[in-house]
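Take a look at the structure set out below.
The values are calculated or read from the model by the stated rules, or taken from the named source; none is laboratory data. These numbers were taken from a predicted model, which means no experiment stands behind them. Cβ atoms come from the backbone with ideal geometry, glycine included; neighbour counts cover every protein chain shown. These area figures cover heavy atoms from the full protein model, side chains too; ligands, DNA and RNA do not enter into them. Shrake-Rupley method; radii C 1.70, N 1.55, O 1.52, S 1.80 Å.
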Amino acid sequence: MERISGGSPTILPSQRRRRRFALAGLAPLVLWQLVFFVVPLLILLVISFWTMRNYRLEPGFSLENYRAVFADPALWRSLVLSLETAFFVTLACALLGYPVAYFIAKKAGRFRIVLLIAVIAPFWISIVMRISAWRILLGENGVINQALISLGLTSEPLGGLLYSPVSTAIGLVYAYLPLYVLPLYAAIDRIQDSWIDAAKDLNAGPVRAFLEVTLPLSLPGLVVGAVFCFIFGLGEFVTPALLGGGKQLLIAQIIQDEFQRRQDWPGGAAIAMVLLAIVFTLLLLSMRYLRIASGERP
Amino acid sequence: MTKRAGDIELVKVSKRYSGAAAVDDVSIAIEAGEFVTVLGPSGCGKSTLLRMVSGFVEPDEGDVRIGGASVTGLPPYRRDTAMVFQDYALFPHRTVAQNIAFGLRMRRMEKSQIARKVDAMLELLNLAGFGNRRIGEISGGQAQRVALGRALVVEPAVLLLDEPLGALDLKLRKQMQAELKGIHRKLKLTFIAVTHDQEEALNLSDRIAVMNAGRIEQFADPETIYNRPASRFVADFVGEANLFDATVIGPGMAQLVGDGSTVALSGDGLPPPGSRLTLAVRPEAIAVAATGKGVAAIIEDILFSGSVRRIVGRLANGQRVTAMQPAAAFTPALGQSAVFAWTAEAAWIIRP
Ligand SMILES: Nc1ncnc2c1ncn2[C@@H]1O[C@H](COP(=O)(O)OP(=O)(O)O)[C@@H](O)[C@H]1O
Ligand SMILES: [Mg+2]
């Protein structure tokens, strides 16, 4: 098509008005983000360079807090434990979520809406109630131990089920599974059956067709789900606090501890900033991947 | 007789979907190297028939044979067929070259050999230089050729094409018809194509199977299909035909039902006087004159389209008759009475 004006595309007055209108519509959202996300974040960033003297905040510019983050072995252990937990939860969600998402997208037929709602349903129940349910299941006198004992599989109740990293992981997997299933469902739903048929027609068996076509085309969903799970898992506070038992603290609990119990705001802010840096790096990497995967040249 | 790899046979195959037959007791034998088109209206069961050969649909009854051996029950990845899908079904996460290489990789061919074959295929399909394009970066016509190349490169016993040109615009379709025919001539593989476009079928095929409601009405070469359709459906679906119900009144003579005009019949083995039959006459075989021998009709409509003129008349029995003649020929006026005439050889008798 030929463009009449040679230079930059001209914008009609009506278009300009519509654009201004759209911006006005976005204003509340932008304001919300500014007041409740960007500003607190900046405050946190500034505080992380301050120091504490005699239980008072003292403005300044000190890198001491960051040095402390990397020097404290207990903190390191928490950070590593948090990363491990987030990783394990993400992996478990991917392995459990994939068959569920695949089934709903490809095999459920007219039941897909019902099943999708069933997957999201736990979101509608308060997190505290969901965790209480896990306590009833996993506790020393809980349903699982009672069942194991009455089946004769064990004589003593298993103590490690509740208040351990295991119960934290179980609680998190349960909580994040819908978060993983939804983007996976969206990705698998976009895979045309004829692509899989074409692979089989060209002599790929079912496993080969899955590895060559279905899996690579599910990758965007796998990445988005993993980012959700990993980032939420990394910063999770409520579930580890209620199911984890408090013997091995995750990084979010450490941050909370710094702020509330030890009243060391600059120390807590520095840890939070390190965590945030990890999260932002992951987000940037995944967004870069998704842009390439969606056909944009890097 | 020994079978060649490209011989395809369907023996009394049927497929029902919730009681309704999509393919109904079809038997057909296709010879190696033939270009056969299955022609029929949308929903008549063409795709189902094709997918029975590729293995995506299992017949409820009957047997599918490739190269003389039964393949009924074998999954698609165990059959020596390759399909060009209706929507092409190109892998969106692979380049043009990777799409074409796919079948060769699945057959565990050596890397250098794959590269050589892919290059040759790109060359054959005028796609040289497009190997590294993504599927989203090529035109519809190119996508069609990539789909063709991806199937052809494995040198299957039979190439199956489901409405291969359906998504292209008219000009491109004509061009691709010629290319497809050229490729078939060069490779000498068995091609089975499915289409609802009669012109495409007539242009491309060695033989055409005309399908209606799950059954094959006629399987013959294009000339026979066009000039001597075996049934009312074929006569109507392929080209245009005037169909007249008539009663035999004597040797080589019949009278149109409800009209009284008599027409001449040719050929041996005509039914005895008194029997009813249906006559078919192509519009281009009918000449219109002001007076003379023939069937009288009132002119209802005249359509001029460049080289030819369509003249539509109504007989005394209310039936319409269409003639198509050179624009330079006699042209009656609207509302005038005229005579529609054809030779005995131009009319043929079809099954009622
Ligand atoms: N998988 C299927 N499930 C149910 N009905 C089907 C299925 N495939 C085809 N049909 C039905 O079988 C008939 C023939 O379909 P098809 O072979 O696709 O026709 P065509 O290719 O000639 O348009 C149609 O009535 C269609 O609705
Ligand atoms: Mg079809």
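Numbers for the structure displayed
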item: Cα-based convex hull, the stretch B:243-350, per residue volume (Å³, whole number); result: 89 Å³
item: Å³ per residue enclosed by the Cα convex hull of the stretch A:159-298; result: 129 Å³
item: Computed over the stretch B:243-350: relative contact order in percent, which uses C-alpha pairs under 8 Å that are six or more apart; result: 31 percent
item: Scaled radius of gyration (Cα, divided by 2.2 N^0.38 Å) that chain B gives; result: 1.21
item: Solvent-accessible surface ranking, highest first, for B:93, B:184 at 1.4 angstrom; result: B:93, B:184
item: Surface share of carbon and sulfur [accessible, 1.4 angstrom probe, percent] for the stretch B:72-131; result: 49 percent
item: Area of residue A:223 that stays accessible when all protein chains are in place (1.4 Å probe, Å², to 10); result: 40 Å²
item: Shielding by other protein chains, A:203-214, mean Cβ within 10 Å; result: 4
item: Helix-only mean residue ellipticity at 222 nm for chain B, each DSSP H run of n ≥ 4 adding -39500 (n - 2.57), per residue, nearest 500; result: -7000 deg cm²/dmol
item: Pairwise FRET efficiency - residue B:63 versus residue A:283, Cβ, R0 = 41 Å, nearest 0.05; result: 0.10
item: Gain upon complete extension [residue B:29, residue B:12; 0.36 nm per residue less C-alpha separation]; result: 5.0 nm
item: Unit charges at the beta carbon, dipole of the stretch B:8-236: most positive-side option, B:167, B:38, B:98; result: B:98
item: Rounded accessible area of residue A:257 (nearest 10 Å², 1.4 Å probe); result: 40 Å²
item: Most to least packed among A:135-145, A:153-163 [average Cβ atoms within 10 Å]; result: A:135-145, A:153-163
item: Given charges at beta-carbon only (K, R positive; D, E negative), |dipole| of the protein assembly as shown in Debye; result: 1420 debye
item: Two-decimal Rg/Rh across chain A, once Rg and the Kirkwood Rh are taken from alpha-carbon atoms; result: 1.07
item: Shielding by other protein chains, A:190-199, mean Cβ within 10 Å; result: 6
item: Spin-label model distance (nm) - residue B:316 vs residue B:266, 7 Å beyond Cα toward Cβ; result: 2.7 nm
item: Computed label-point distance, nm, for sites residue B:93 and residue A:259 using a 7 Å Cα→Cβ extension; result: 4.0 nm
item: Cβ crowding within 10 Å averaged over residues, with A:236-245, B:58-67, A:67-76 ranked highest first; result: A:236-245, B:58-67, A:67-76
item: Taking chain A and dividing mean pair separation by its residue count, relative contact order in percent (alpha carbons under 8 Å, at least six apart); result: 26 percent
item: Unsatisfied cross-links (Cα-Cα over 32 Å) in the set A:107/B:117; B:111/B:174; A:200/B:181; result: A:107/B:117; B:111/B:174
item: Farthest toward positive dipole pole in the protein assembly as shown [+1 Lys/Arg, -1 Asp/Glu at C-beta], among A:40, B:340, B:315; result: A:40
item: Förster-model FRET efficiency, 30 Å R0, residue B:333 and residue B:257, C-beta, rounded to 0.05; result: 0.60
item: FRET E, pair residue B:290, residue B:170, Förster distance 41 Å, beta-carbon r, rounded to 0.05; result: 0.60
item: Nearest-20 debye value, the stretch B:243-350 charge dipole, Cβ charges on Lys, Arg, Asp, Glu; result: 160 debye
item: Reach of residue B:46 by Cα under 20 Å, taken over lysines that are not fewer than 8 positions away in the same chain; result: B:12, B:15
item: Charge dipole magnitude, Cβ of K and R +1, D and E -1 - chain B, Cα centre, debye nearest 20; result: 1060 debye
item: With all protein chains modelled, accessible area of residue A:47 [1.4 Å, Å²]; result: 20 Å²
item: Whether the protein assembly as shown is rounded, prolate or oblate, judged on the alpha carbon gyration tensor where a/c under 1.5 counts as rounded; result: prolate
item: For chain B: relative contact order, % (alpha-carbon pairs under 8 angstrom, 6 or more apart); result: 15 percent
item: Spin-label model distance (nm) - residue A:55 vs residue B:221, 7 Å beyond Cα toward Cβ; result: 10.7 nm
item: 222 nm mean residue ellipticity, helices alone, for chain A (DSSP H n ≥ 4; -39,500 (n - 2.57); rounded to 500); result: -22000 deg cm²/dmol
item: Options A:185, A:31, A:263, ranked by Cα towards positive dipole end of chain A, top entry (Cβ charges); result: A:31
item: Within 10 Å of each Cβ in B:86-92, the average number of Cβ atoms from other chains; result: 5
